[in-house]
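Read the figures in this text as sums done on the coordinates, not as results from a lab. What you are looking at is a predicted structure, and each value in this text was computed from that prediction instead of being measured. Quick reminder, even Gly has a Cβ in these numbers, built from the backbone with ideal geometry, and neighbours come from all protein chains shown.
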Amino acid sequence: MLINHGVSETLRDEVIRASQGFFDLTEKEKMEHSGRNLFDPIRYGTSFNVTVDKTLFWRDYLKCHVHPHFNAPSKPPGFSQTLEEYITKGRELIAELLKGISLSLGLEENYIHKRMNVDLGSQLLVINCYPPCPKPELVMGLPAHTDHGLLTLLMQNELGGLQIQPNGKWIPVHPLPNSFFINTGDHMEILSNGKYKSVVHRAVANTKGIRFSVGIAHGPELDTIVGPAPELVGDDDPAAYRAIKYRDYMQLQQNHELDGKSCLDRIRI
C-alpha cells in the first residue's frame, strides 16, 4: 500500500465517479468501443478474453492505451479530461518508484527508466466494473494471475475484492483511505532476474454493491526487448528468463487463459 503519494483525494474520487458514469451509459454507447484486438486504442468488453476463456468472469472492463498516445472515450462528458489528468499524475508517481527500485538493485537511479525506454513506455488504463452477484461463491471476478509490465498503480472503491497469495494462501487486500496498491509486474521480475517478484492476485465477487477498480499498468516501450539486466546476471546468478519483446509477451498472455504465473513460466530458462 502506498500513502502520502501526492495524488489528491478529490481527483481520485472524480475518477471513480467518472468510471461509474461510463458504465452507466447505454449498452449501445459502450459497445461503440467493443473489440478483440489487444492493441485497439480503446476496448470495452467482459470477462478477460472471450475467445479463450472457458468460463466467463463476473467483470466488465474498459481498457485504454493512454501513453505514449492518449486515448479515451468522449462519453460521458468530462470523462476523458479527468482520466488524462489522473494518468499524468500516475506516470509521475511511477517514475519516482522506478528510481527507488533501480537504487535498491544497486543500479544507477534512472537505469530502469532508460533501459525500458519509459519516456515512450506503454501505459494501459484498465477500469474494472464488478456488479453485485447473488451467489459470489459460484463465480470469479478475475482468476489468479500476474500483470504484465513493470508496476501497476491500483485504486478501488470502498468495496474490497482484491486478494493476493503471498504464501499459498489467499488474503484480502483492504483498501486504506486515499491509498494505492502497487502491483509488481512480470517485467519487473524479468528485468531484476527474480529479485523482485510479480504479485499473484485475483478479484472476487460480492453481494453488496458495484465494485470499481482502476489500474494503470506501466510497461516498457512496446518494441523493447526485455531480459534480465546484465548487471544482475553472473556465474552464481545466471539469467532466469529469456529475453522477449514486450508486445510479444502481452500477446502471449492474451492468447492464453489467466492462470497464476503460467505466462511467465513460458519464458523461464
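Taking the DSSP beta bridges with both ends in the chain, the antiparallel portion is around 95 percent.
Here's the list of aspartates and glutamates a cross-link from Lys114 could span, going by alpha-carbon distance under 16 Å and ignoring same-chain residues fewer than 8 apart: Glu92, Glu96, Glu221, Asp223, Glu231.
Give the calculated FRET efficiency between Asp13 and Asp236 to the nearest 0.05, with a Förster radius of 41 Å applied to their Cβ-Cβ distance.
Working: r = 50 Å, r/R0 = 1.21.
Plugging the Cβ-Cβ distance into 1/(1 + (r/R0)^6) gives 0.25.
Between Glu27, Glu257, Glu221, the residue with the greatest mean-square fluctuation in the GNM of the chain (Cα pairs under 10 Å linked by springs) is Glu27.
From the mean inverse distance of alpha carbon pairs (Kirkwood) and the Cα radius of gyration, derive Rg over Rh for the chain.
Values: Rg = 18.0 Å, Rh = 19.0 Å.
That ratio is 0.95, to two decimals.
Out of Asp237, Asp248, Asp13, any idea which swings most in a Gaussian network model of the chain, alpha carbons joined below 10 Å? Of Asp237, Asp248, Asp13, the most mobile in the Gaussian network model is Asp237.
Among the listed pairs Lys63/Lys245; Lys75/Lys99; Lys63/Lys208; Lys30/Lys208; Lys75/Lys135; Lys28/Lys261, give every one whose C-alpha distance is greater than 27 Å.
Numbers: Lys63/Lys245 21 Å; Lys75/Lys99 36 Å; Lys63/Lys208 25 Å; Lys30/Lys208 24 Å; Lys75/Lys135 32 Å; Lys28/Lys261 36 Å.
Where the Cα-Cα span goes over 27 Å, the pairs concerned are Lys75/Lys99; Lys75/Lys135; Lys28/Lys261.
What are the DSSP H helices in the chain that stretch 18 Å or more along their long axis, judged by alpha-carbon atoms, and whose average Kyte-Doolittle hydropathy comes to at least -1.0? If you can, show how the numbers build up before the last one.
Values: long enough: 9-23 (22 Å, -0.33); 79-104 (37 Å, 0.05).
Helix filter hits for the chain: 9-23, 79-104.
Simple spin-label estimate for Asp259 and Ser34 gives 2.8 nm between the two label positions (7 Å along the Cα-to-Cβ direction from each Cα).
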